[in-house]
Amino acid sequence: MKKLLVTSLLCLVFGLAWAQNYVNGYVLFAEQDTVKCQIKIGGKKADTNYYALVIKNQKGEAEDEVYKAKEGKVIGYGIREFGAELDYRNVEISGTNDGGFFKLVDNGPNYKLYLHMVSTSTNGVVTTLPQYAMYKPNGEYVILTTHMLGNWKKNLRKILADNPKYLPEVEKVGRMEIPEFVEKLNSEG
């Protein structure tokens, strides 16, 4: 009896792990079309992540539609997951062949702050640090890379060049305090 119960529970767990998980959302395409759709966030094949957006095929075909971030066909997307609205923006990191979907963490009137967690491994030790994209309303943005050799303060000064009142405060901000600093910029702004 015990073996049957354990086997049943394992089948259920593995079945759920392999299940296709879709949530309601929207996609903003580069042509400025916004489409309501179902976005895949789990399953046995490709699902939505930093590099790609996977949506349920709108044409009734079996295969899901996959949009790679680096192709630039998708500007952003949003989902409602566990009662929270989550918005993502496709961010290109200039000077690299990298970029992907960053999550919105501060939607202020003066600056929008997006986040992506970056993991690196050195000698078997994995370190995960935030990487931010900070946008002005005019679309200008900078990347704030927070690892030890990152140039986030330089880039923060660059985007605040037209707001000199806050430039001296940049020196007091720690790399893990960026969200609080941007929140302050938006509240006082």
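Things to note:
- Scan of the range 61-118 for residues that are of a type in the set (D, E, K, R), over 15 Å from LYS40 (Cα atoms) and under 10 Å from the mean Cα position of the chain (by Cα), ordered by number: ARG89, LYS103
- As a summary of the residue check, ILE55 satisfies the conditions (1) in contact (Cβ under 8 Å) with a residue 24 or more places away in the chain; (2) aliphatic (A, V, I, L, M); (3) within 19 Å of MET134 (Cα to Cα) except for the one numbered (3).
- If you go through the range 150-176 and pick out every residue that is within 22 Å of the chain's Cα centre (by Cα) and either over 17 Å from TYR135 (Cα atoms) or among the hydrophobic types (A, V, I, L, M, F, W, C) (or both), you end up with 7.
- Being free of Cβ contacts under 8 Å to residues at least 60 places away in the same chain, surrounded by fewer than 17 Cβ atoms within 10 Å (Cβ to Cβ) and of a type outside the set (Asp, Glu) is a property that does not hold for LYS40.
- Selection status of ASN138, open to solvent by less than 30 Å² (accessible area, probe 1.4 Å) and of a type outside the set (A, V, I, L, M, F, W, C): no
Quick grid of which residues meet (1) on the phi > 0 side of the Ramachandran plot; (2) in contact (Cβ under 8 Å) with a residue 24 or more places away in the chain:
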residue	(1), (2)
GLY83	yes, no
ASN97	no, yes
ASP106	no, yes
LEU113	no, yes
VAL125	no, no
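- Number of the condition not met by THR146 [criteria: (1) of a type in the set (S, T, N, Q); (2) open to solvent by less than 40 Å² (accessible area, probe 1.4 Å); (3) more than 23 Å from SER187 (Cβ to Cβ)]: (3)
- Residue count for the range 135-184, restricted to those that are under 25 Å from ILE75 (Cα atoms) and in a helix (DSSP H, G or I): 9
- The set of residues from the range 24-52 being under 24 Å from MET117 (Cβ atoms), among the small types (Gly, Ala, Ser) and assigned to a loop (DSSP other than H, G, I, E, B) comprises GLY43, ALA46.
The values are calculated or read from the model by the stated rules, or taken from the named source; none is laboratory data. Everything numeric in this text was worked out from a predicted model, so none of it was measured. In this analysis, Cβ positions are derived from the backbone assuming ideal geometry, glycine residues included, and neighbour counts consider all displayed protein chains. Remember, those area values only see protein heavy atoms, side chains included, never the ligands or the DNA or RNA. Shrake-Rupley method; radii C 1.70, N 1.55, O 1.52, S 1.80 Å.
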